[in-house]
Each structure stands twice: as C-alpha cells, then as structure tokens.
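Below is one structure; the comments refer to it alone.
The values are calculated or read from the model by the stated rules, or taken from the named source; none is laboratory data. Owing to the predicted nature of the structure, the values given are computational and were not obtained by experimental measurement. Heads up, the Cβs are rebuilt from the backbone with ideal geometry, glycines too, and the neighbour counts pull from every protein chain shown.
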Amino acid sequence: MRRSSPGSLRRAFQPWNDPNAKPLIEFRGVTKRFGSVTAVSEVSLSLYRREFFALLGPSGCGKTTLMRMLAGFEQPDAGEILLDGVDITAVPPHLRPVNMMFQSYALFPHLSVADNIAYGLKREGLPRAEIARRVAEMLALVKLDGLGKRRPDQLSGGQRQRVALARALAKRPKLLLLDEPMAALDRKLREATQFELMDLQSELGTTFMVVTHDQDEAMTMADRMAVMDHGGLVQIGPPDVIYEAPVNRYVAEFVGDINVLEGKVVAVEGDLVRIETALAGMVELDEEAPALSIGAAVLVGLRPEKIDLSHDEPAQSFNKVAGEIWDIGYLGDVTMIQVMVGGDSGRLIKVALTNRTRRAARPFAWEDRVWLSWDIEAGLVLPR
C-alpha cells in the first residue's frame with residue numbers, strides 16, 4: 001500500500017478558516033513590559049491543534065518574549081493566555097503541558113543520550129519500564145537508534161539537535177515550542193532538517209510553534225506564520241499569502257526581496273489600476289477589488305523573480321523600463337542581476353533569473369543595456 005505524504009494532510013489543514021474550530025492556544029490582549037520598554041503590546045492570537053506555527057521577525061520584535069510567556073518563563077503585565085480553554089497565565093512552567101526546545105539545546109554533557117531523553121520522565125516519576133519504552137521510541141523517531149549510550153560531545157551538531165528534540169517530545173506535550181531550532185546548523189543540514197521536522201510534526205500530530213528570524217525557515221515549515229514588529233503582530237497567514245499579498249512595505253521587505261517604486265494612481269477600471277511612477281513610467285496592475293482613489297500616493301512592489309530581462313525593447317506599452325546592468329551575482333540555482341534604472345541619479349532594481357541550463361556563456365553581462373518588463377499580475381500595490 002502506498003503511504004500518504006504529509007503534504008496531503010497539510011494541504012487540507014486550515015482550521016483557522018473554520019468558524020467552528022476551537023483554538024488550542026489563545027493569547028488575549030497580552031502585553032509585556034520590561035521597565036519602560038514594551039516588548040509585547042496587546043497581542044491577540046490563536047493557534048490550533050496539529051498546527052505548525054511560526055513567529056517571524058527581527059531581533060527585539062517580541063517573538064521570543066511571546067514564546068516565553070506561553071512557556072511560563074515570563075508573566076504578562078496584561079491580558080491572558082488560554083490552553084484548551086483554560087487560563088494558564090498564572091500556572092508555573094512545570095505544570096503546563098508545554099515543552100520547549102532551546103536554541104542552545106541545553107543538553108547535560110555528563111549524561112548519555114538516553115539519560116538526557118529520560119531526564120524529564122524520571123522527574124515525573126514514571127515507572128522504569130515506561131521510561132525505557134519511551135526513550136527507545138524517541139530514539140527511533142529521531143533516527144538515533146543505537147546511539148543511546150553516547151554522550152553529547154560524541155555527536156554531530158545535527159545529532160545533538162535531535163537529542164534535544166527527542167527530550168522535548170518524550171513527555172508528550174500538547175504544544176512544543178522551538179526557539180531558533182536551526183541556528184547552529186550549516187545550510188544543507190538546516191534545509192534537510194526542516195523537512196524532517198515537518199514530517200515528524202505531521203506524524204505526531206503535536207502542535208508546534210517555532211520562533212525564528214529566518215524567513216526561509218518559517219516559510220518552509222509553517223502552516224501559518226505571524227510577522228512581528230515592535231511587539232505587535234503585523235500580519236498573520238499562510239506563507240504564500242504573506243509573500244504574495246503583504247499588507248505593507250515592512251512585511252514585503254522583510255519576507256523576501258522586493259523592489260519598491262513610488263507613484264500616484266491615475267486610473268482605476270475594475271481590477272485594473274494604472275500608476276504613474278517617476279522611475280518606471282506608467283505601471284499597470286491587476287488588483288482584486290482595489291480600494292484606491294485617483295491621485296492617491298502608493299508604492300508598487302515587484303518581486304525580483306517576477307521581472308523579465310531582455311536586450312530588445314518589449315512590445316508592451318506599459319510595465320517596462322530601460323536600464324544598465326550594474327552587478328551580477330551567480331548563486332547556482334539563480335542569478336541575481338542589479339540593473340541601474342533612471343541614469344546616474346536613478347536606483348538599482350533587482351532581477352532574479354533561474355539558471356535552467358548548464359551553458360557556460362551567460363546571456364547578460366556587466367554594462368549591458370537591457371529592458372525590464374513584467375506582467376500586470378506581477379506587481380502589487382502597497383500603502384505608503
């Protein structure tokens with residue numbers, strides 16, 4: 001029998017769109033201050049059973065503080081936190097059905113892998129046979145069979161991370177919190193581990209919340225993610241929605257690369273919007289139900305991978321601009337090209353080209369005169 005992929009389960013998983021779905025976790029107007037600094041400001045947020053949720057934002061935005069309040073390591077100054085409908089705001093950490101995997105892994109160096117995993121179970125007073133069974137189960141789950149007698153210093157970084165994950169999952173928490181879980185791993189191991197973590201979460205059915213500043217990590221793993229800034233939630237949604245329909249310039253620039261052009265609305269005809277820009281002339285965009293008025297100052301966002309590059313002028317009347325190649329960065333899978341538009345007083349626009357062939361000669365070179373163009377559905381309107 002063919003095994004179903006985790007993706008088939010994730011594709012149909014959207015409890016946040018179900019009005020009858022009850023959240024597992026609820027933040028209700030939660031605020032946390034450290035002296036005169038407000039780290040988290042009136043945050044209201046719901047997480048659902050089996051959800052893989054990511055908190056994304058720069059250092060100091062409040063994401064770790066929000067996680068620590070959920071774990072019970074910090075107390076909010078206002079608001080409440082509910083788990084399964086029960087207020088846990090004042091419940092101490094060790095009495096919450098929540099576990100946390102720390103960025104440093106926090107393994108005991110003098111204990112074996114098996115004893116590290118068993119540590120929390122022993123503190124709970126579980127029978128020896130049950131502890132042994134769960135440790136064996138966890139070792140198999142994280143693919144560390146046969147390594148139970150080793151010490152942490154005898155493992156690779158990726159293996160130590162798996163031990164920390166197994167220890168956090170051994171107590172079977174309702175919610176697992178992961179604080180920058182991939183920070184210590186190299187790129188290839190990090191990318192592989194992301195998919196392993198997704199498969200593991202799907203298999204266990206445990207709700208995961210991950211805190212990260214790495215947008216690729218959040219977008220790869222999360223069913224939904226929240227972008228934070230200055231202690232507040234700026235946008236919440238599935239990764240593709242946040243990437244393709246950011247609510248403002250901050251989200252658009254934080255999640256992925258984007259070129260931003262300033263302009264004014266000159267026409268609105270149904271879903272078609274025309275915007276006059278100083279840098280790229282007339283721009284046409286297809287915006288679903290645009291709430292825009294003639295003369296409104298707006299920003300036009302263009303993702304680098306949605307821009308075409310050519311030596312010859314495109315036939316289209318709008319959505320094109322001439323420039324000169326300023327710099328080229330070969331990244332293997334893509335080539336990032338920076339094009340100077342508007343002459344010496346202009347600015348650089350990024351274009352990402354997929355490297356589809358292995359040909360040695362590249363079609364574009366430094367100082368080439370080129371044309372940039374894009375489809376009406378490629379750009380998006382951002383509020384100023």
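Scanning the stretch 279-299 for residues that are within 18 Å of Ile349 (Cα to Cα) and either among the aromatic types (Phe, Trp, Tyr) or part of a loop (DSSP other than H, G, I, E, B) (or both) gives Leu279, Ala280. Residues that are part of a loop (DSSP other than H, G, I, E, B), surrounded by 11 or more Cβ atoms within 10 Å (Cβ to Cβ) and out of contact with any His (no Cβ under 9 Å at 6 or more places or on another chain) within the stretch 351-364 comprise Asn355, Arg362, listed in sequence order.
Note on the stretch 123-163: residues that are of a type in the set (A, V, I, L, M) and farther than 22 Å from Pro181 by Cα total 5. When residues in the stretch 34-90 are screened for being among the hydrophobic types (A, V, I, L, M, F, W, C) and within 22 Å of the chain's Cα centre (by Cα), 16 of them pass. When the stretch 111-134 is filtered for residues that are among the aliphatic types (A, V, I, L, M) and within 31 Å of the chain's Cα centre (by Cα), the ones remaining, listed by number, are Val113, Ile117. The residues of the stretch 79-110 that are in contact (Cβ under 8 Å) with a residue 40 or more places away in the chain, surrounded by 15 or more Cβ atoms within 10 Å (Cβ to Cβ) and either assigned by TED's automatic domain parsing to the domain that holds Thr64 or closer than 16 Å to Leu121 by Cα (or both), listed by number, are Gly79, Ile81, Leu82, Leu83, Val98, Asn99, Met100, Met101, Leu107.
Filter the stretch 111-126 down to the residues that are touching a helix residue (DSSP H, G or I) at 6+ places or on another chain (Cβ under 6 Å) and among the aliphatic types (A, V, I, L, M), then identify the one that is surrounded by the most Cβ atoms within 10 Å (Cβ to Cβ). Filtering first and then ranking leaves Ile117. Scanning the stretch 191-218 for residues that are farther than 23 Å from Gly157 by Cβ and at pLDDT 90 or above turns up Thr206, Thr207.
Can you confirm whether the stretch 157-171 contains a residue that is farther than 29 Å from Thr64 by Cβ and not assigned by TED's automatic domain parsing to the domain that holds Cys61?
Of the stretch 157-171, the ones farther than 29 Å from Thr64 by Cβ are none.
No, the stretch 157-171 contains no residue that is farther than 29 Å from Thr64 by Cβ and not assigned by TED's automatic domain parsing to the domain that holds Cys61.
List pairs: first in the stretch 162-189 and more than 16 Å from Glu130 (Cα to Cα), second of a type in the set (S, T, N, Q) and in a strand (DSSP E or B), Cβ under 6 Å, 6+ apart or cross-chain? The qualifying pairs are Ala168/Asn99; Pro173/Asn99; Leu175/Thr207; Leu176/Asn99; Glu180/Thr212.
Which pairs turn up if I take residues in the stretch 115-127 that are without any contact (Cβ under 8 Å) to a residue 60 or more places away in the chain and look for partners that are β-branched (Val, Ile, Thr) and surrounded by 11 or more Cβ atoms within 10 Å (Cβ to Cβ) with beta carbon separation below 6 Å, at least 6 apart in sequence or on another chain? That search, which allows pairs on different chains as well, returns Asn116/Val163; Ile117/Val135; Ala118/Ile131; Ala118/Val135; Leu121/Ile131. Taking the stretch 220-236 as the range and being within 13 Å of the chain's Cα centre (by Cα) and surrounded by 19 or more Cβ atoms within 10 Å (Cβ to Cβ) as the test, the residues that pass are Met221, Ala222, Asp223, Arg224, Met225, Ala226, Val227, Met228, Gln235.
Would the stretch 157-167 turn up any residue that is closer than 17 Å to Leu47 by Cβ, touching a helix residue (DSSP H, G or I) at 6+ places or on another chain (Cβ under 8 Å), buried (at least 16 other Cβ atoms within 10 Å of the Cβ) and small (Gly, Ala, Ser)? The answer is no; no qualifying residue exists. For the stretch 306-350, name all the residues that are within 23 Å of Glu244 (Cα to Cα) and in a helix (DSSP H, G or I). Scanning the stretch 306-350 gives a single hit, Lys306.
Please pick out the residue among Glu74, Glu80 that is over 23 Å from Thr212 (Cα atoms) and at pLDDT 95 or above.
Working: Glu74 fails: over 23 Å from Thr212 (Cα atoms).
Going through Glu74, Glu80 in turn, just one is over 23 Å from Thr212 (Cα atoms) and at pLDDT 95 or above: Glu80.
Criterion applied to Glu203, Glu276, Glu288 was being more than 25 Å from Asn17 (Cβ to Cβ) and surrounded by fewer than 21 Cβ atoms within 10 Å (Cβ to Cβ), and the one residue passing it is Glu276.
Which one is modelled with the lowest pLDDT, of the residues in the stretch 172-190 that are surrounded by fewer than 17 Cβ atoms within 10 Å (Cβ to Cβ) and under 27 Å from Phe73 (Cα atoms)?
Step one: filter the stretch 172-190 for residues surrounded by fewer than 17 Cβ atoms within 10 Å (Cβ to Cβ), giving 172, 174, 183-184, 186-189.
Remaining after also requiring under 27 Å from Phe73 (Cα atoms): 172, 174, 183-184.
Values: Arg172: 89, Lys174: 92, Ala183: 73, Ala184: 66.
The extreme case among them is Ala184.
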